[in-house]
Amino acid sequence: MSLLQEYMEACQLIEKKRVPDGEGGFTTSWTDGAEFKAAVVCNQSMQARIAEKQGVTSLYTVTCEPNAMLEYHDVFRRLSDGKIFRVTSDGDDVRTPKSATFQFSQVTAEEWELPR
């Protein structure tokens, strides 16, 4: 087991679900989805700090197993503290090459609140 794998913790996708409201529209709800493991690290680079001062939410780097391919605007919860994140990049963008001995994918994410 690698050090990065030891750093990963349990997370759970939160799926957006739309159902008819009976009046020609729909209501949106959020339901728990698949669990996966990820290392979620706050980005403390100078660019991220400047963006945060200008009103951008905190930025995170999320590293997970390649079979937990996160996609743009996926929403997930870190189970240890209940913090919710929304993915802001595509999981295909940063992946280890197939020849690497340790496989992972990375996305960026922001802290997020579920719409009511």
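Summary table below
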quantity	calculated
So LEU70, is it at pLDDT 90 or above and within 14 Å of GLU35 (Cα to Cα)	yes
Candidate set: region 85-116, residues that are assigned to a strand (DSSP E or B) and surrounded by 16 or more Cβ atoms within 10 Å (Cβ to Cβ); chosen: the one farthest from the chain's Cα centre (by Cα)	SER105
Selection count where residues are charged (D, E, K, R), out of contact with any Lys or Arg (no Cβ under 8 Å at 6 or more places or on another chain) and assigned to a loop (DSSP other than H, G, I, E, B), scope region 68-84	2
Scope region 1-30; condition surrounded by 13 or more Cβ atoms within 10 Å (Cβ to Cβ) and at pLDDT below 90; matching residues	GLN5, TYR7
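The values are calculated or read from the model by the stated rules, or taken from the named source; none is laboratory data. Bear in mind the structure is a predicted one, so any value in this text is a computation, not a measurement. Here the Cβ is made from the backbone with ideal geometry for all residues, glycine too, and neighbour counts use every protein chain on show.
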